[in-house]
Amino acid sequence: MAPTQWFRVLTVCAGAVVLAVTLTACSVFVGDETSTRDPKGTGAGGSSGANRVSLVQKLGQDGPLRSLDVEPDGRWTCDDCAGDGVTSTGTLKPEQVQRLHGLLADPRLAQETDQVRQYRATCIDALTSSLLTTVGLITSQDCPGEERPPVAYEILLLLTQATPAEPTA
């Protein structure tokens with residue numbers, strides 16, 4: 001196969017991986033909108049689905065897939081976040097949970113989705129971070145000159161500062 005054909009195959013494979021992860025992560029937001037811990041659905045941020053977020057990261061084409069899931073109450077689970085194959089768990093501090101809920105409720109976030117921005121990955125071997133929120137998927141790469149969506153980037157920074165997830169490569 002010619003090198004450009006290999007690149008196309010790798011691009012399609014990488015796209016399939018991101019799609020599979022996205023569809024799997026979507027299950028976090030589908031279904032019962034009330035928390036199992038709060039049968040009245042009166043959690044701190046209202047509907048529990050609105051305050052859930054997932055972060056999926058991959059470094060380059062061959063890097064491990066790292067995932068972080070954050071529940072509305074701030075509990076998080078991070079699979080392979082440090083690149084060591086370990087699953088970590090923890091809880092955000094109350095002020096971090098409040099800040100996260102505020103960022104997830106920011107109306108500007110809906111304008112930062114991949115669909116609205118018509119986002120296309122442009123770098124090879126960069127850290128790709130995809131946030132899955134109720135407004136949609138928001139992807140960014142850690143590469144020179146790439147403009148980062150401001151609200152989504154604040155969410156990314158908050159999550160990476162409070163967990164073993166990485167903000168940059």
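Assorted remarks:
- Shape of the stretch 51-169, Cα gyration tensor, a/c cut at 1.5: oblate
- Simple spin-label estimate for residue 115 and residue 98 in nanometres, 7 Å along Cα-Cβ: 3.3 nm
- Euclidean distance of C-alpha centroids, the stretch 66-110 and the stretch 134-168, integer Å: 12 Å
- Working ranking of peptides 145-151, 122-128 by packing, defined as the average number of other Cβ atoms within 10 Å per residue, highest first, is 122-128, 145-151.
- Where the stretch 122-168 is the region considered: accessible area per residue in Å², 1.4 Å probe: 42 Å²
- Computed from label points 7 Å out along Cα-Cβ, the spacing between residue 88 and residue 61 is 3.0 nm.
The values are calculated or read from the model by the stated rules, or taken from the named source; none is laboratory data. Quantities reported herein were computed from a predicted structural model and do not represent experimental measurements. Cβ atoms come from the backbone with ideal geometry, glycine included; neighbour counts cover every protein chain shown. Note: areas computed on protein heavy atoms with side chains; ligands, DNA, RNA excluded. Shrake-Rupley method; radii C 1.70, N 1.55, O 1.52, S 1.80 Å.
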